Amino acid sequence: MKKVWKILLYYAGIPFAACLPGFILSLFGLPSGINLFLVPFFVAAIYLLFRKKLDLAFAAKTNGIIFLVLLVCFTVMMVIASGNVEGILMGYYSILVFPFLPGMLVHVLMGQNMLIYAAAMLSYALAAAVCALLAKIRLKRWYVPAALVVVCVTACTVLYLNRPAVRYAGHGFKYMHGYSSTDFADYMVYSENSKLAVPEKEASLVIEREEDMPVLDGAEACYPLYAAFAKAVYRDIDVIEKKWLQETDNPYCNGKIVTFTNSVVGFERLLRGNEDPEKYGDGIDMFFGARPSGSQLQEAADLGVELEVTPIAKEAFVFFVEADNPVDGLTAEQLKAIYHGDITNWSEVGGKNQKILAFQRPQNSGSQTMMEYFMGDVALKEPQTYEMVGGMDGVVRKVAQYANEEGAVGYSFRYFLEELNQEKGVKMLSIDGVYPSLENITNGTYPLTTNVCLITRKDNPNPYVREMTEYILSAEGQQIIEKTGYAGLGDGAAAGK
């Protein structure tokens, strides 16, 4: 019985006490993560304090065994969860979590996430190491546990680096303060090595005063387009934006007048910018992107906001697969059947005997909105998802976006895919026998040709919003559109058709 109590003490008491410094630090608002550096010193202090009462050799052995058991349990969970350390399986719904509870309890109180498991195991490993040093124990057959540690750590590392939250999160949002997957450093209005389209002559419309300049925002793929319009029309916009960048403490919108958030937030700024300036900035005047989704139109209607949607360019909605996929084209009906779930293997459409992995995009993104229009009355099957921790909301499910796997198919817009090089090792598919080339988009033969739209509010009092719209539809504006890489509207553009 005495031995059982000793084991319980080593199992729960010592790691719990080892975590106490971090918990105490967190109570005073200090970074509790520093606890990881204090653990060995605190554990050493505990053992030195009770050295005469505790069997150090027994403590070293017990904590070492517990550490190895924890490591094996963690590795098994990582294998089952495909490396998703933040998923439900890795939470409190698996019996394998039980060995972690003493260390996890304190670390949950400390508000830790990713470090919970590592710190729990580290507490035992350090306790074993400190006890072994104090007891002057020399390990025999050390290579067996060492080999186990190496195997488990290697497996967990590989699984973690390839977890669903990494593989299926698309390109992530590495740029523009977390809003963009594209590096727009050369597309800013003040960029020295600018890639922005430049008109052949000075613009017929010039807006002189900063306060008259309509504020712009839009979809990621449209940023090079509306930045080029601003560069052409807004007097000294490069100076204005560079000065703002140097002076502002909150670069939330990535610009003062030529701003960027993304399709979802940008549209919210158009609708609600005047309601909550702290959240949406000061609102925007002109939004560039795909036509609004049904839910976005309903939101505008609920708010009593009348929108004006003006087509300004032509774009292709495209489907793409791996470059070595033998299928070069599909019909619109085949694509609908794939995304409805009726066709599940590439052999059914002339390809290899291979499962089709049909990826979707997040709700209300421009490409997902276009996909919903494309499907019409045919329901989209439930998208593949993965789990991740969403801050205070706990574990949330995210739509799994395209990953370059065997059998994968995804969709996007041609400009985003080709001009901004968003996918590597892929090819665009012909639809109904027509390839989405710029020529076929311009002449209208590609069946999934759509419009890039300019969306404004009808109640906007700024007269330059209308003047900017007319300029974009003019021959000068259409020239900028074509130089950027989009297809123009053609002869009807100048008339606003």
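The values are calculated or read from the model by the stated rules, or taken from the named source; none is laboratory data. Keep in mind the model is a prediction, meaning the values are calculated, not measured. Glycine gets a Cβ as well: all are built from the backbone with ideal geometry, and neighbour counts include every protein chain shown.
Quick one: is GLN368 under 30 Å from LEU225 (Cα atoms), assigned by TED's automatic domain parsing to the domain that holds ILE480, assigned to a helix (DSSP H, G or I) and of a type in the set (S, T, N, Q)?
Values: under 30 Å from LEU225 (Cα atoms): yes; assigned by TED's automatic domain parsing to the domain that holds ILE480: no; assigned to a helix (DSSP H, G or I): yes; of a type in the set (S, T, N, Q): yes.
No: the conditions fail for GLN368.
All conditions in (1) modelled with pLDDT of 95 or more; (2) outside the structural domain of TYR446 (by TED's automatic domain parsing); (3) not hydrophobic (A, V, I, L, M, F, W, C) hold for GLY304, with the sole exception of (1). In region 217-244, the qualifying residues are those that are within 23 Å of the chain's Cα centre (by Cα) and outside any helix (DSSP H, G or I), and the one that is surrounded by the most Cβ atoms within 10 Å (Cβ to Cβ) is ASP217.
Yes/no per residue for (1) polar (S, T, N, Q); (2) assigned by TED's automatic domain parsing to the domain that holds ALA227:
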| position | (1), (2) |
| --- | --- |
| ALA400 | no, no |
| PHE413 | no, no |
| GLN422 | yes, no |
| VAL426 | no, no |
| SER437 | yes, no |
| ILE441 | no, no |
| TYR464 | no, yes |
| GLU467 | no, yes |
| GLY477 | no, yes |
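Enumerate the pairs (first residue in region 225-238 and under 18 Å from ASN451 (Cα atoms); second residue anywhere and part of a helix (DSSP H, G or I)) with beta-carbon separation below 6 Å, excluding pairs fewer than 6 apart on the same chain, so at least 6 apart or on different chains. Close Cβ pairs (under 6 Å, with a partner that is part of a helix (DSSP H, G or I)) amount to LEU225/THR484. Against the conditions (1) touching a Lys or Arg at 6+ places or on another chain (Cβ under 8 Å); (2) within 22 Å of LEU205 (Cβ to Cβ); (3) of a type in the set (S, T, N, Q), THR456 satisfies every one except (1). The criterion of at least 1 residues that are farther than 30 Å from ALA230 by Cα and out of contact with any strand residue (DSSP E or B) (no Cβ under 7 Å at 6 or more places or on another chain) is met, among helices (runs of 4 or more DSSP H) falling completely within region 256-360, by 294-302, 332-340. Residue check: is GLY444 within 30 Å of SER204 (Cα to Cα), part of a loop (DSSP other than H, G, I, E, B) and small (Gly, Ala, Ser)? Criteria met by GLY444.
Just wondering, is there one or more residues in region 245-255 that are surrounded by 15 or more Cβ atoms within 10 Å (Cβ to Cβ), at positive phi, modelled with pLDDT under 95 and in the same structural domain as ALA290 (by TED's automatic domain parsing)? Yes, there is a match, as at least one residue in region 245-255 is surrounded by 15 or more Cβ atoms within 10 Å (Cβ to Cβ), at positive phi, modelled with pLDDT under 95 and in the same structural domain as ALA290 (by TED's automatic domain parsing). Tallying residues that are surrounded by fewer than 20 Cβ atoms within 10 Å (Cβ to Cβ) and either at pLDDT below 60 or within 19 Å of ARG167 (Cα to Cα) (or both) within region 48-80 yields 7.
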